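Here is the structure we will look at, set down as structure tokens.
The values are calculated or read from the model by the stated rules, or taken from the named source; none is laboratory data. Everything numeric in this text was worked out from a predicted model, so none of it was measured. Because the Cβ atoms are built from the backbone with ideal geometry, glycine has one as well, and the counts that use them run over all protein chains shown.
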Amino acid sequence: MQSEPRRIQHKVSVTMVAVALAALSVSRVGGYDFIWNDTRYNSDIQMRLNLTTSWSITAAKMMRQWNRKAFPGTGIRFRWSQTSATPSRNLVNEVAMDSTAWGSSFGSSTLGVAILTGSGTRLTEGDVIFNSAYTWHRYRGDFQSGKPAEFRRVALHEFGHVLGLGHELNKSSIMNPYVGDIYELQSDDIAGVQALYGSNSGGGGDDDCNPSALIGAPVRGDLENSDCLAPHRRNRRADLYVFTGSKQDRVRISLRKKTLNDPYLVLVDPSGRVEARDDNGRGGKDAWISTRLKKSGTYTIEATARGKSHRGSYILRCKRC
Ligand SMILES: [Ca+2]
Ligand SMILES: [Ca+2]
Ligand SMILES: [Ca+2]
Ligand SMILES: [Zn+2]
């Protein structure tokens, strides 16, 4: 028997029905029986963003929110980079604002869609398209009917579908099919992901040895036991971030402690050589690198720590990255 790829469309309608969501408590986690376990992505879900810089930053933040809140211990996470391609059926996960979804028109009340393709129970593609007929806004807090197209909550919702979550009408959830006052992940959303992927099925933290594109610094991250060993700092854990630099660019990178004991930065050039490193250049224990790049290409930042046992959260900033 041949399994046909399945395609699911859904909408986030602007209709307001976000009242008394928690009143009924029909238990549901998960929803779709689709999950990612795709060796192409090495347990990562690679998303390619065709958005303006400003919306890319917000989209990346929303993916980070999923990574941070739902994925610790699941061994799977979103990664992202940019593209100029229009989303299509191509086995590449694409995110864009467009007037159509793969050529089909949006319903007039549809803010965004996630188009999922799977084979059997396995997801093979997830595209997210925001309806460009709307003027998009960005705000937290209660739904404003004059500004229905609020990017953060729609993005969180659509990325939830990409993870395989279905709709949730009966509990407080970002997966409600109608936009409402909820603008952050709820415990039901997190439980849904963990029901699909397990809460501790892999060794991952919110980051591992595959670098994330540095979109939208400042980035808040955590140094954890599950992070990979720093490539250029022996026996230390590190989170890796990449950016594209041009020779002579002046970049300024800072790594500030939140709960991380003593931040340490390493900047690695496109050929894999250490171009700069710093422990306490920003004063106190915070690390700081200010340098004029010597090469053009993909640079890697190793966000790490002075001590072997140092763990905790940090803020990474980069100017001109
Ligand atoms: Ca695609
Ligand atoms: Ca980490
Ligand atoms: Ca330090
Ligand atoms: Zn939906």
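Within segment 92-127, the only residue that satisfies the criterion of being surrounded by fewer than 17 Cβ atoms within 10 Å (Cβ to Cβ) and of a type in the set (D, E, K, R) is R122.
Looking at (1) modelled with pLDDT under 85; (2) among the hydroxyl-bearing types (S, T, Y); (3) within 18 Å of the chain's Cα centre (by Cα), find the lone condition where S226 falls short. So S226 meets the others, but not (3). Of all residues in segment 23-64, those satisfying the criterion of being surrounded by 18 or more Cβ atoms within 10 Å (Cβ to Cβ), more than 15 Å from L165 (Cα to Cα) and at pLDDT below 90 are S43, D44, R64. The listed residues are E94, E158, and the only one of them that is among the acidic types (D, E), in contact with a Pro (Cβ under 8 Å, 6 or more places away or on another chain), closer than 23 Å to R64 by Cβ and not in a loop (DSSP other than H, G, I, E, B) turns out to be E94.
Taken together, S246, S254 contain a single residue that is surrounded by fewer than 20 Cβ atoms within 10 Å (Cβ to Cβ) and more than 19 Å from the chain's Cα centre (by Cα), which is S246. So, in segment 167-195, exactly how many residues are among the hydrophobic types (A, V, I, L, M, F, W, C), touching a Ser or Thr at 6+ places or on another chain (Cβ under 9 Å) and over 15 Å from R68 (Cα atoms)? Count: 2.
Quick grid of which residues meet (1) outside any strand (DSSP E or B); (2) of a type in the set (D, E, K, R):
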| site | (1), (2) |
| --- | --- |
| T244 | no, no |
| K247 | yes, yes |
| L255 | no, no |
| L260 | yes, no |
| E275 | no, yes |
| G281 | yes, no |
| K294 | yes, yes |
| A303 | no, no |
| C318 | no, no |
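It is to be established whether one or more residues within segment 112-119 are more than 16 Å from ligand 1 (Cβ to nearest atom) and in contact (Cβ under 8 Å) with a residue 40 or more places away in the chain. No: zero hits.
The single residue among Y139, Y178, Y134, Y183 that is more than 16 Å from ligand 2 (Cβ to nearest atom) and either under 23 Å from N93 (Cβ atoms) or in contact with a Leu (Cβ under 7 Å, 6 or more places away or on another chain) (or both) turns out to be Y134.
Scanning segment 179-196 for residues that are in contact with a Gly (Cβ under 9 Å, 6 or more places away or on another chain) and part of a loop (DSSP other than H, G, I, E, B), which turns out surrounded by the most Cβ atoms within 10 Å (Cβ to Cβ)? The qualifying residue surrounded by the most Cβ atoms within 10 Å (Cβ to Cβ) is L185. Taking the criterion of being farther than 24 Å from L49 by Cβ, more than 9 Å from ligand 4 (Cβ to nearest atom) and crowded, with 21+ Cβ neighbours inside 10 Å, the residues of segment 147-178 that qualify are E168, K171, S173. Among the residues of segment 128-135, is there at least one that is aliphatic (A, V, I, L, M), in the same structural domain as G166 (by TED's automatic domain parsing), in a loop (DSSP other than H, G, I, E, B) and crowded, with 20+ Cβ neighbours inside 10 Å? Checked segment 128-135: no residue is aliphatic (A, V, I, L, M), in the same structural domain as G166 (by TED's automatic domain parsing), in a loop (DSSP other than H, G, I, E, B) and crowded, with 20+ Cβ neighbours inside 10 Å.
Looking at (1) in contact with a Lys or Arg (Cβ under 8 Å, 6 or more places away or on another chain); (2) more than 11 Å from ligand 3 (Cβ to nearest atom); (3) not polar (S, T, N, Q), find the lone condition where V242 falls short. Among (1) in contact with a Lys or Arg (Cβ under 8 Å, 6 or more places away or on another chain); (2) more than 11 Å from ligand 3 (Cβ to nearest atom); (3) not polar (S, T, N, Q), the lone unmet condition for V242 is (1).
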